[in-house]
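Q: The structure under discussion is supplied below as structure tokens; questions concerning it will follow.
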Amino acid sequence: MSDKQRDYRKELEGILDGLAETIEAASPEEILAEAEAAGENSEAIAGHVRETLLSAVKKFEQRKLDAAREACRQRATHSRSKKYYLPDTKEDRRQLLFTVFQNKPRLGEVLTIQHRSFEDLSDEDVQSALEELAELGFLDDWAEASSKE
Amino acid sequence: MGSWRDMESHVAGPEEVRQAIKSLTKAELVRLNHYAQNRLARLGALSWAYTGDDLLQEAMLSMLEEGRRYWRPEVVSLSDFLRGTMRSISSNWARKSVSDGPAVPASHVARPSDEGDHPVNFFDTVAAPGPNPEAELLNNEYQTPEQLVIEIEKLVKDELIPSVVLDEMKVGKKGPEIMKALGITEKELRAAQLMIYRRARARWPGGMPHVR
């Protein structure tokens, strides 16, 4: 085959696909040995890849949180005129939020993404979480029961 | 232990994924890195907008975002799943870049911040028509496919089996086809491919240069 007829781009693609096949067929330990034989800092590479993957998970959670906040904000805008009542004491408010999270674990998951655990929520966090939940109508059952007492 | 139905419907959530990432071995992480670099190099001139990290991040995001790809830990390891996902994403980028011009990875698209900033206008992230000074500069540092192929050929020119295996790879043949064409065993093929791989890594430790 003369050089004039050679399609180097296609040839390079073939080589790279073949090398990808090599990476897939080889065990991770074989690839690690090759990397170290080539003088690569495998420890640093591994650490960097791990951080890259973990940061993608964090980015995903942040987006999910942003989306949940935005949805709450939009719903709250539509129901701003709605009245709601919260318990008078901070202990009762915390207890109410705990009850809501127990009944609706998915809500707890979203609201505690930032704080990691329920215990870490400050009194202000509890208050604002309850206000958002009340605006969204999640406390209607509680409000109804309280008004009957 | 749940029923098989539970197993089938089990899709890993962020926390499970985080733990799985922490459990990946050094060897698995290095292999992922090499694979990401390989797929980026395969994109050729279309890869100027991306890095191996973009591909890794994109694979992870597509796995977590609902409705894109689902990782079922009982069926496939995280490492194998990510490799398959990177293969598929890089093919999509190649197809999309050919039809629409180089695309911006989803992981690069700005979102509103906690302070309520507005996301960056998408059109501000797209280069204006005409020569892009940054791309021009990079272009000068790139190699042509011809330069790269000739360099790779030189790496194994003195090795009989690896050089003929390389010739078969250049025409797009896969493992079984190469074995049949050359009458070699799988062991010989793998040894030859690993030699080509080793020498290419030694020549370009950080991955092959971008292609012009």
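The values are calculated or read from the model by the stated rules, or taken from the named source; none is laboratory data. Note that the coordinates shown come from a computational prediction; the quantities given were computed from them, not determined experimentally. In this analysis, Cβ positions are derived from the backbone assuming ideal geometry, glycine residues included, and neighbour counts consider all displayed protein chains. Only protein heavy atoms, including side chains, enter the accessible area calculation; ligands, DNA and RNA are left aside. Shrake-Rupley method; radii C 1.70, N 1.55, O 1.52, S 1.80 Å.
Q: Can you tell me which residues in segment A:15-64 are over 18 Å from residue B:30 (Cα atoms) and either touching a Leu at 6+ places or on another chain (Cβ under 9 Å) or of a type in the set (A, V, I, L, M, F, W, C) (or both)?
A: A:15, A:18, A:57, A:59, A:60, A:61, A:63, A:64
Q: Moving on. Quick check on residue A:14: is it more than 31 Å from the chain's Cα centre (by Cα), without any contact (Cβ under 8 Å) to a residue 40 or more places away in the chain and not in a helix (DSSP H, G or I)?
A: Taking the combined requirement at face value, the residue does not satisfy it.
Q: Which pairs turn up if I take residues in segment B:183-200 that are of a type in the set (S, T, N, Q) and look for partners that are assigned to a helix (DSSP H, G or I) with beta carbon separation below 6 Å, at least 6 apart in sequence or on another chain?
A: Once the first residue is of a type in the set (S, T, N, Q) and sits in segment B:183-200, its partners that are assigned to a helix (DSSP H, G or I) give B:193/A:22.
Q: Look through segment A:17-49, keep the residues that are in a loop (DSSP other than H, G, I, E, B) and open to solvent by 50 Å² or more (accessible area, probe 1.4 Å), and return whichever of them is nearest to the other protein chains (Cβ to nearest Cβ).
A: The qualifying residue nearest to the other protein chains (Cβ to nearest Cβ) is A:39.
Per-residue answers, yes or no, for (1) open to solvent by less than 10 Å² (accessible area, probe 1.4 Å); (2) of a type outside the set (A, V, I, L, M); (3) part of a helix (DSSP H, G or I); (4) touching a residue at least 40 places away in the same chain (Cβ under 8 Å):
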| site | (1), (2), (3), (4) |
| --- | --- |
| B:28 | no, yes, yes, yes |
| B:41 | no, no, yes, yes |
| B:57 | no, yes, yes, yes |
| B:63 | yes, no, yes, yes |
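Q: Further question on the same structure: Name the residues in segment B:182-212 that are touching an Asp or Glu at 6+ places or on another chain (Cβ under 8 Å), away from chain A (no Cβ under 11 Å) and modelled with pLDDT under 95, would you?
A: Selection gives B:209, B:210.
Q: Still on this structure, I have one more. Which one of A:90, A:64 is modelled with pLDDT under 85 and charged (D, E, K, R)?
A: The unique qualifying residue is A:64.
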